[in-house]
1. Lys and Arg at +1, Asp and Glu at -1: add these up for the other residues within a Cβ distance under 14 Å of residue 58 and post the number.
2. Which of 163/184; 286/323; 151/351 have a Cα-Cα distance over 20 Å?
3. Shape verdict for the range 118-204, please, from the Cα gyration tensor: rounded (a/c under 1.5), prolate (a/b greater than b/c) or oblate.
4. Check which residues have an amide H placed less than 5 Å from residue 149's amide H, if you skip close sequence neighbours.
5. Within the range 34-123, what is the number of lysine pairs with alpha carbons under 15 Å apart, leaving out pairs fewer than eight places apart on the same chain?
6. Give me a comma-separated list of calculated 3J(HN,Hα) values for the range 120-129, in order, Karplus coefficients 6.51, -1.76, 1.60 applied at θ = phi - 60°, integers in Hz, x for any Gly or Pro.
7. Using a basic spin-label model with each label point 7 Å from the Cα along Cα→Cβ, how many nm lie between residue 36 and residue 54?
8. Give, in nm to one decimal, the length gained when the segment between residue 115 and residue 141 is fully stretched (0.36 nm per residue of separation minus the Cα-Cα distance).
Amino acid sequence: MSNSLSHSGKHSIIILAFASLVMFLSLAADAQESYHLVYALNEVGTDRNITNVTLKINEKNILTGKELSITEYLNTNMASIYLNSGEYELVFIADEAQTEGKDYYAFEKFTVSESNKEIIYLFPIASIRGTVVDKLDNLLEGAEIKLNCDKDFMPIEQIKTDKFGAFTIQAVPTGNCIITASYKDSFEQQHLAFNRGDFEAIRLKLEDETTSSSLDSSFTLFAMIILLAIFAAGLAYWFFVRHESAFQVKEPAALEKIEPQQRNNNRLSRRIAKKPKESSLPQRVKHILPTLNNRERLVVQFLLDNNGISTQGKIRHGTQIPKTSLIRILDSLRSRKIVSIDVTDVSKSIKLSSWFMQK
């Protein structure tokens, strides 16, 4: 009897030891080395340190799909997190207390295999909160929201209204945007403009698409009639000029025909410039160009086409931007260290900055 109990006790100890070993090996397999990542937060275009903000970091492990959110207040522009090895998507959203909306945004993908320190460039943003109603002012759940902006630097997510017909977009690019709401056969659009830290509350009232389509069709028909009238007038003028030239001496007529053509060729040759290959541009230029609005990008492209330097008069002539608007654009580019301006007694020399063109 005692031998039987002794044998049973030994058997239990062996089972317990084996279970402990399996648990230990399982925990060891799950354990991964954690790495310390330090990020310096700077503003795109100005390189300004982003300080005194509430920073939210959303991290997603691409392999496992696990997501985690971290929020902290930063007095300096330095942030740090600990991550296990793997591939991650990180979203940074920074919020200054004195503005109504969110202020800065960045989206990065990282492969973590060691502790590291990197600079993260954040884009200025604004925020939107809105509601969607039908033509009878009923709140609409499940209406689809789309955002189309001049500056596009973030992944496009599908947004739909909740059961109260509401939606929120925390990170909206600054500048001009078109927001569209659609639900079944109805839709509505609004044109909006944002500065950093703005918070816009909007209301989108949907109209039937058939009504809008009929209006679009009417406008298209009207535009076609106008174009046909212009074409007919041009054809009549050409016919009149051709017949009138029959009563003139041929040699002067030939000269008059050649001179305008020569002037057009000269004007065309001045306006056509070789666009630099994308691969030849410095990394900072390729990084900042998409953040500029259309006119700012036109000015920078003109300077790139002219070896990085030109005068204000030549830029105005080459881009066809009015003088007062061009002055504001150049001041804005200078404040972001993209160009430098040298004023002489004769003209203003505009040059792409060495910081902007740095390889």
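1. Net charge around residue 58: -2.
2. On the way: 163/184 16 Å; 286/323 27 Å; 151/351 24 Å.
Going by Cα-Cα distance, 286/323; 151/351 fall outside the 20 Å limit.
3. On the way: a/c = 2.21, a/b = 2.06, b/c = 1.07.
It is prolate, given that a/c is not under 1.5 and a/b is the larger ratio.
4. Amide H neighbours of residue 149: 178.
5. Values: 56/102; 60/109; 66/109; 109/117.
Counting lysine pairs in the range 34-123 gives 4.
6. Once θ is set to phi - 60°, the couplings for the range 120-129 become 10, 8, 9, 8, x, 9, 10, 9, 10, 10 Hz.
7. The two pseudo-label positions are separated by 2.8 nm.
8. 4.8 nm
Computed from the coordinates by the stated procedures, all read-outs in this text should not be read as laboratory data. Every value quoted in this text rests on a predicted model; they were computed, and no experiment measured them. Neighbour counts run over all protein chains shown; Cβ positions are idealised from the backbone, glycine included.
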